[in-house]
Amino acid sequence: MTKPFLLTFAGCLMGALLPVSAQTPAPADANGAAAQPTPPPMKEVAVIKTSKGEMTVDFWSDVAPKTVENFKALAKKGFYNGTAFHRIIKGFMIQGGDPNTKDPSKEASFGTGDPGYKIKAEFNPRKHEAGVLSMARSMDPDSAGSQFFICLDAAPNLDGKYTAFGKLIKGDEVLQKIGDTPVVSNGRETSKPAERVAVESVSIISVPVK
């Protein structure tokens with residue numbers, strides 16, 4: 001009954017008494033230095049911090065590279081900080097990104113603001129499903145600037161007509177909470193939030209690729 005234990009103990013003792021030179025060395029590079037572990041590949045995501053919680057978006061740079069870069073550039077200079085989701089249609093989408101929403105006194109112009117320029121559309125095969133981030137625009141396909149929307153549910157009528165460029169990977173419950181915000185008429189449609197849903201910040205951070 002004791003032999004297995006004694007053999008195991010003896011084996012451990014033998015290993016402990018081996019000289020350091022006999023132990024397996026750490027991997028080294030061509031210059032003899034210990035090799036460093038390869039860092040994991042990284043990617044950039046957006047963290048949208050709102051008055052109702054945080055949402056994290058993964059970008060689709062493969063299908064809308066210029067749209068993604070525009071969004072990142074605006075976020076990195078704080079363009080979206082202090083804005084609000086000014087349009088909410090339950091079961092459809094929430095819309096934000098208008099710089100005019102930083103000033104409540106400009107409520108009459110909510111939905112008309114932009115960064116001072118327009119970008120070309122990058123319509124692509126990605127579907128408008130719940131959690132998908134897409135660019136808002138007017139009748140002109142190339143009229144998007146800074147305003148975006150996030151789908152609350154599938155909206156196939158938008159596929160190929162609006163530039164989808166990312167999707168939520170975290171914060172679905174926050175998205176739905178915003179989508180459930182009570183709304184009132186703005187004179188054109190019933191989509192004006194009865195309470196302010198603030199976008200406190202949009203941060204671009206690097207995370208490991210999974």
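The values are calculated or read from the model by the stated rules, or taken from the named source; none is laboratory data. Computed from a predicted structure; not experimentally measured. So basically every Cβ, Gly included, is an ideal-geometry build from the backbone, and we count neighbours across all protein chains shown.
When Asp172, Asp153 are screened for being surrounded by fewer than 17 Cβ atoms within 10 Å (Cβ to Cβ), over 16 Å from Lys52 (Cβ atoms), modelled with pLDDT of 95 or more and of a type in the set (Asp, Glu), only Asp153 passes. You will find that of Asp103, Asp114, Asp98, the residue that is in contact with a His (Cβ under 8 Å, 6 or more places away or on another chain) and either under 23 Å from Pro156 (Cα atoms) or without any contact (Cβ under 8 Å) to a residue 60 or more places away in the chain (or both) is Asp98 and no other. Exactly one residue out of Ser191, Ser105 is surrounded by 16 or more Cβ atoms within 10 Å (Cβ to Cβ), more than 15 Å from the chain's Cα centre (by Cα), among the hydroxyl-bearing types (Ser, Thr, Tyr) and farther than 19 Å from Tyr80 by Cβ: that is Ser191.
One line per residue, one yes/no per condition, for (1) over 15 Å from His128 (Cβ atoms); (2) hydrophobic (A, V, I, L, M, F, W, C):
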residue: Gly145; (1), (2): yes, no
residue: Leu168; (1), (2): no, yes
residue: Glu173; (1), (2): yes, no
residue: Asp180; (1), (2): yes, no
residue: Val183; (1), (2): yes, yes
residue: Glu189; (1), (2): yes, no
residue: Glu195; (1), (2): yes, no
residue: Glu200; (1), (2): yes, no
residue: Ile204; (1), (2): yes, yes
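Taking each residue of region 178-201 that is in contact (Cβ under 8 Å) with a residue 24 or more places away in the chain and small (Gly, Ala, Ser) and looking for partners that are surrounded by 17 or more Cβ atoms within 10 Å (Cβ to Cβ) and part of a loop (DSSP other than H, G, I, E, B) with beta-carbon atoms closer than 8 Å, six or more apart or interchain, yields Gly179/Leu152; Ser201/Tyr80.
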